[in-house]
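First comes the structure, then the notes that go with it.
The values are calculated or read from the model by the stated rules, or taken from the named source; none is laboratory data. Treat the numbers as computed from the prediction; the structure is a model and nothing was measured. Positions of Cβ are backbone-derived with ideal geometry, glycine not excepted, and every protein chain shown enters the neighbour counts. Surface areas here come from the heavy atoms of the whole protein model, side chains and all, with no ligands, DNA or RNA. Shrake-Rupley method; radii C 1.70, N 1.55, O 1.52, S 1.80 Å.
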Amino acid sequence: MRVVIIGAGLAGLCAAHELVGAGHSVTVLEKSRATGGRCATRRIGNATFDHGAQFFTARSDEFGAIVEQWISLGIAREWCRGFGSGDGHPRYCGTAGMTTITKHLAKSLDVRFNSLAFEIRAEGDTWVVILDDATRFSADAVVVTCPIPQTLSLLVHADIEVPEGIRTITYDKTIAALVVVEGATNVPEPGGVQSGDPVFSFIADNQRKGISESGALTFHANASFSEQHWWNDVDATHQLLLDQARPWIGDATVIEHQPKRWRMATPQTIWPDACWSYQRLVVAGDAFAGPRVEGAVLSGRAAARQLLA
Ligand SMILES: Cc1cc2nc3c(=O)[nH]c(=O)nc-3n(C[C@H](O)[C@H](O)[C@H](O)COP(=O)(O)OP(=O)(O)OC[C@H]3O[C@@H](n4cnc5c(N)ncnc54)[C@H](O)[C@@H]3O)c2cc1C
């Protein structure tokens, strides 16, 4: 089977591995120039930031076994057992940032970067994926792993009735600030704060987390702040976040800072099955098996199994 997968995030890459492992020919199309999607790691000078997903847990046996494999490959490690009081459950991260995992997964795959899928059409028994530069990829099967609104726009001419429960999935936004610092910050061990701040849903000291050579703080504004300020002036909102971040920065010196905005950060509702399919077109991603790293991985694998069945 020739399969085209749209998206080199965790769902797409995990689907690709399953299908390649079963002997199929797979091409992954990714609009950006790197893997990871919402598992994103960015460098500013010597500072390294995880600025999408911060960590992951393993709630299912299936994902637990995958995490064990990632750890033995040296691409993931346990970060801590909780933030603040600590509940004893392991929190994992990529060894040198979350994209360590997706970079590794992509290594053995045919991933085409800077390839923005624009349209999916059925031509007889064949699916055709057309890029924005009119390049065409023909396939026996397609797996689409973009956030749902982007998936729907690809399917406008595909003549497919997507269920309303999927069509209406919307996403929380996240406004983030990345701050390069010098000196000790007030972010406590283990380098993450998950609750107790009125504006931030997560604060990370990436140096203390062990992924950054120099001081690097990630601040994620919570969903209600991000929604309220999304359409406001970007610089003014960024300054507001920096003011709010001040107590966590403490006496450290701010060297540089950048805003980052995730328009489709977290699906607000989740489709009850791990993927959805129509003939040999499968829609997958974290809107299916859960709004987190684990959900994306399980959904990608489920999409592959659906095609293999
Ligand atoms: C700010 C933030 C914090 C988070 N924190 C956590 C956390 O701490 N723990 C946790 O478990 N989860 C967290 N998550 C959620 C987690 O990141 C996601 O659930 C997971 O990464 C989703 O993976 P995915 O493969 O489903 O989608 P994505 O990662 O979004 O991958 C989709 C890919 O498709 C590509 N794409 C989109 N449209 C096209 C197109 N037309 N053509 C080609 N390519 C396209 C995108 O560029 C992207 O690479 C967080 C997410 C965000 C945004």
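Using a Cα-Cα cut-off of under 15 Å, which aspartates and glutamates could be cross-linked to Lys107, ignoring same-chain neighbours fewer than 8 residues away?
Counting by Cα, and skipping residues close in sequence, Lys107 has these aspartates and glutamates nearby: Glu18, Glu30.
Report, to the nearest 10°, how far helix 234-249 tilts away from the longest principal axis of the Cα atoms in the chain, using its own Cα long axis and a range of 0 to 90°.
For helix 234-249, the angle is close to 50 degrees.
If you average 1/r over all unlike Cα pairs in the range 171-267 and invert the result, what Kirkwood radius do you get in angstrom?
Radius from the Kirkwood sum: 13.4 Å.
When the helix-only estimate is applied to the chain (DSSP H runs of n ≥ 4, each -39,500 (n - 2.57), divided by the residue count), what is the mean residue ellipticity at 222 nm, nearest 500 deg cm²/dmol?
Only helices count here, giving -8500 deg cm²/dmol.
For the range 259-288 and the range 130-172, what is the centre-to-centre distance using only Cα atoms, to the nearest Å?
Cα centroid to Cα centroid, the span is 11 Å.
Using a 10 angstrom cutoff on alpha carbons, build the Gaussian network for the chain and name the most mobile of Gly210, Gly12, Gly250.
Among Gly210, Gly12, Gly250, the largest GNM mean-square fluctuation belongs to Gly250.
Restricting to bridges with both residues inside the chain, how much of the DSSP beta-bridge set is antiparallel, in percent to the nearest 5?
Here the antiparallel bridges make up roughly 75 percent for the chain.
Can you tell me the length gained on complete extension of the stretch Ser108 to Glu213, counting 0.36 nm per residue apart and subtracting the Cα distance?
35.0 nm
Using amide H atoms built 1.01 Å from N in the peptide plane, name the residues 5+ places from Tyr171, or on other chains, whose amide H lies under 5 Å from its own.
Gln268
How much length, in nm to one decimal, is gained on full extension between Met1 and Gln228, taken as 0.36 nm per residue of separation minus their Cα-Cα distance?
Answer, rounded to one decimal: 77.1 nm.
Bin width 20 Å, alpha-carbon pairs only: give the P(r) of the chain as whole percents, running from 0 to the bin holding the largest distance.
In whole percents, the pair-distance histogram is 33, 56, 11, 0.
Could you grab the relative contact order for the range 1-122? Cα pairs under 8 Å, six or more apart, rounded to a whole percent.
32
Applying the Karplus parametrisation 6.51 cos²θ - 1.76 cosθ + 1.60 with θ = phi - 60° to the phi angles of the range 215-226, what ³J(HN,Hα) value in whole Hz is obtained for each residue in order, glycine and proline being reported as x?
x, 8, 10, 10, 10, 9, 6, 6, 4, 6, 5, 5
Roughly how many percent of the accessible protein surface of the chain is carbon and sulfur, given a 1.4 Å probe and a whole-percent answer?
The nonpolar share, carbon plus sulfur, comes to 47 percent.
Just the accessible area per residue of the range 171-267, please: how many Å² with a 1.4 Å probe?
So the range 171-267 comes to 46 Å² accessible per residue, rounded to a whole number.
Taking θ = phi - 60°, what integer Hz values does the Karplus form 6.51 cos²θ - 1.76 cosθ + 1.60 yield along the range 107-123, in sequence order, with x for Gly and Pro?
Rounded to whole hertz, the list is 3, 9, 10, 8, 10, 9, 7, 6, 10, 7, 5, 10, 7, 10, 10, 9, 10.
Over the range 158-219, what is the mean sequence separation of C-alpha contacts under 8 Å (at least six apart), divided by residue count, expressed as relative contact order in percent?
Relative CO of the range 158-219 lands at 33 percent.
Would you kindly derive the ³J(HN,Hα) couplings of the range 280-294 from the backbone phi angles with the Karplus curve 6.51 cos²θ - 1.76 cosθ + 1.60 (θ = phi - 60°), listing them in order in whole Hz, with x for Gly and Pro?
9, 10, 10, 9, 9, x, 6, 6, 10, 9, x, x, 7, 3, 4
Amide H of Gly192: which non-local residues (sequence gap of 5 or more, or other chain) have their own amide H closer than 5 Å, using H built in the peptide plane?
Asp205
From Cα pairs below 8 angstrom and at least 6 apart in sequence, can you work out the relative contact order of the range 171-267, rounded to a whole percent?
49
Using the basic label-point model (7 angstrom from Cα toward the beta carbon), what is the Asp140 to Ser153 distance in nanometres?
3.2
Report, to the nearest 10°, how far helix 10-21 tilts away from the longest principal axis of the Cα atoms in the chain, using its own Cα long axis and a range of 0 to 90°.
Roughly 40 degrees between the two axes.
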